Structure formats: C-alpha cells, structure tokens
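For reference, the structure is listed below as structure tokens.
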Amino acid sequence: MNHNKFVKCKKTSAVLGSINPVYNETFSFKADATELDTASLSLTVVQSMEGDKSQQLGRVVVGPYMYTCGRELEHWDEMLSKPKELVKRWHALCRTTEP
C-alpha cells in the first residue's frame, strides 16, 4: 500500500483442513526508494466460506513509523538496511475490526 492506497496484491497458497495453519511464504516487491516512507505491507489471513463469502481472521502491517511500531517497524527498518538480502521474521496476527 502507498498512502493507504492499494497498489498490489499477492496471494499465498491455500492451507486446507487445518485448524491452526502455518504459512511460510516469501514475498518480494519492487518499490521506488522515494516511496518507502509512505509505503507499507499489509498481510491479511482470509478464510473462505460457503459460496463467494470470506472472513478476515487477522492481519499484520509492516512499514515505517507512520503505520507500525514494535517488531513490525523493526522488520521494515531491517529490510531497508539490507536491500539485497532476505530478511525473515515471524509476525503475530491482530484481529481485524471488520465484522
């Protein structure tokens, strides 16, 4: 996202039949260096329901101080300081406020 505007979406593989699914995915995005102060990465876990319905189970936002704090901000800062390296972190999801 950039300035809270949706820019790009990538989907992970689905985990079927698990009460506690684990996702171990790698994401790579190209962004202009001038946009990194206003960009953020929002990861949302969605459960498919019957028909075309889906339910958001939780999300985490990784980005600059304007959007995040704590471990998510530390991850963002480490990614910026090591642009050619893979920076791995586990993040806990927060419940979404949507119904």
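Tallying residues that are loosely packed, with under 10 Cβ neighbours inside 10 Å, in contact with a Ser or Thr (Cβ under 9 Å, 6 or more places away or on another chain) and among the aliphatic types (A, V, I, L, M) within segment 43-99 yields 1. In segment 63-79, the condition of being in contact with a helix residue (DSSP H, G or I) (Cβ under 9 Å, 6 or more places away or on another chain), modelled with pLDDT of 90 or more and either farther than 16 Å from LEU36 by Cα or outside any loop (DSSP other than H, G, I, E, B) (or both) is met by no residue.
Just to be sure, is PHE6 out of contact with any strand residue (DSSP E or B) (no Cβ under 8 Å at 6 or more places or on another chain) and of a type in the set (Phe, Trp, Tyr)? I'd like the intermediate steps shown before the answer.
Values: out of contact with any strand residue (DSSP E or B) (no Cβ under 8 Å at 6 or more places or on another chain): yes; of a type in the set (Phe, Trp, Tyr): yes.
So PHE6 passes the test.
Contact map, segment 41-52: first residue more than 24 Å from ARG71 (Cβ to Cβ) and without any contact (Cβ under 8 Å) to a residue 60 or more places away in the chain, second residue part of a loop (DSSP other than H, G, I, E, B) and open to solvent by 50 Å² or more (accessible area, probe 1.4 Å), Cβ cut-off under 9 Å, separation 6 or more or different chains; pairs are SER48/ALA14.
Looking at the structure I just gave you, is VAL7 more than 19 Å from THR96 (Cβ to Cβ), open to solvent by 70 Å² or more (accessible area, probe 1.4 Å), modelled with pLDDT under 85 and not charged (D, E, K, R)?
Details: more than 19 Å from THR96 (Cβ to Cβ): yes; open to solvent by 70 Å² or more (accessible area, probe 1.4 Å): yes; modelled with pLDDT under 85: no; not charged (D, E, K, R): yes.
For VAL7, the condition - more than 19 Å from THR96 (Cβ to Cβ), open to solvent by 70 Å² or more (accessible area, probe 1.4 Å), modelled with pLDDT under 85 and not charged (D, E, K, R) - is not met.
The values are calculated or read from the model by the stated rules, or taken from the named source; none is laboratory data. The model shown is predicted, which means the values in this text are computed figures rather than measured ones. Backbone-built Cβ (ideal geometry, glycine too); neighbour counts: all protein chains shown. Just the protein is used for accessible areas: all its heavy atoms, side chains included, with ligands, DNA and RNA removed. Shrake-Rupley method; radii C 1.70, N 1.55, O 1.52, S 1.80 Å.
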